[in-house]
Amino acid sequence: MDDRWFMKQIVVAGIDAGSSAIKLSLYDGVQMKNVSCPSGWNPKEQAASLLAAALAKQEVITPAYLVGTGYGRFNLPFVTKAMTEITCHARGASYLLPEAKTVLDIGGQDAKAIRIDEQGKVQDFVMNDKCAAGTGRFLQVMANALGLDVAEIGNIEAGADGQQCTINSMCTVFAESEVIGLVNRGITREAIIGALYTSIANRVAAMAAGIQPTPPVAFTGGVAQNQALRRELAARLGLPVITHDQAIFAGSIGAALYAWDALQVS
Ligand code: ADP
């Protein structure tokens, strides 16, 4: 059986080298295939291996154009061109969720809000890459303090037991101490998780206010897998927030689409 993804021989690639994960999208003008792996301690090698493995599946195909994006984009010597993550995330989010007017991306170590037009072009943006509060790292540290991993936290129904508490520290290190203090006072995980979502959503909504977000808002990045946080963001913004099961790939998809455009004009 032929298990190649593409029947066409011309394929372009987008690679998003993030702080937590490398995302790769291959595109033949019709189909988009997305794969990922952890960034690890050597993201350049991780990205090269991910690309080689994906291309091996295609037998003879090599990418005709490769756009790199993300935090680690300048450490990818094999790309044809590097582009900013804001530009690529906007385009990729618009591909996945064409109705989106604003993109809210929460990744491993940054959060960004981008207002976009119908073509996925950036109209305005704001970014927090200075502080871990309101990012995937924050959620990961707090999940660990509760004895959970970042995916497991999403399976616990926040506030289900009716208890309430608040997390007041913005700083991740102090907030972690607060969580440990709450655990030791007998506050339930459900209540603490509810407070964590409120803290993240408040922080991200305050940042997003800077670009006057218009609905609907597309929630992307690894943290967008948490549906309770999506609902909390919608409540804080007072706007509908939608997502997609491939939302973590918005950056690499956007990069692949720009690679395809570049190929058409070259
Ligand atoms: P980056 O581009 O910085 O690598 P990503 O957009 O790939 O970031 O997202 C990675 C982050 O997503 C990780 O820091 C992790 O905390 C978070 N994450 C991964 N899986 C989940 C999940 N199931 N629920 C919530 N957050 C998650």
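Can you name the residue in the range 165-178 that is in contact (Cβ under 8 Å) with a residue 24 or more places away in the chain and hydroxyl-bearing (S, T, Y) and, of all such residues, is surrounded by the fewest Cβ atoms within 10 Å (Cβ to Cβ)? Selected residue: T166.
In this structure, is M142 assigned to a helix (DSSP H, G or I) and in contact with a Ser or Thr (Cβ under 9 Å, 6 or more places away or on another chain)? Against the criterion (assigned to a helix (DSSP H, G or I) and in contact with a Ser or Thr (Cβ under 9 Å, 6 or more places away or on another chain)), M142 qualifies. Looking across G162, G186, G181, one residue alone is farther than 18 Å from C131 by Cβ, in a helix (DSSP H, G or I) and either within 16 Å of the ligand (Cβ to nearest atom) or free of Cβ contacts under 8 Å to residues at least 40 places away in the same chain (or both). It is G181. Kindly indicate whether any position in the range 120-141 is over 22 Å from G18 (Cβ atoms), away from the ligand (no atom under 13 Å from the Cβ) and modelled with pLDDT under 95. Scanning the range 120-141 turns up no residue that is over 22 Å from G18 (Cβ atoms), away from the ligand (no atom under 13 Å from the Cβ) and modelled with pLDDT under 95. Identify the single condition in (1) more than 24 Å from R230 (Cα to Cα); (2) within 14 Å of the ligand (Cβ to nearest atom); (3) assigned to a helix (DSSP H, G or I) that I86 does not satisfy, given that it satisfies every other one. I86 satisfies every listed condition except (1).
In this structure, A201 does satisfy being small (G, A, S), within 24 Å of the chain's Cα centre (by Cα), closer than 25 Å to S19 by Cβ and assigned to a helix (DSSP H, G or I).
Residues considered: V67, V12. Of these, the only one that is in contact with a Pro (Cβ under 9 Å, 6 or more places away or on another chain), surrounded by 20 or more Cβ atoms within 10 Å (Cβ to Cβ), within 22 Å of A262 (Cα to Cα) and not small (G, A, S) is V12.
The values are calculated or read from the model by the stated rules, or taken from the named source; none is laboratory data. Only a predicted model underlies this, so the values are computations on that prediction, with no experimental measurement involved. All Cβ positions, even for glycine, are placed from backbone atoms using ideal geometry, and neighbour counts span all protein chains on display.
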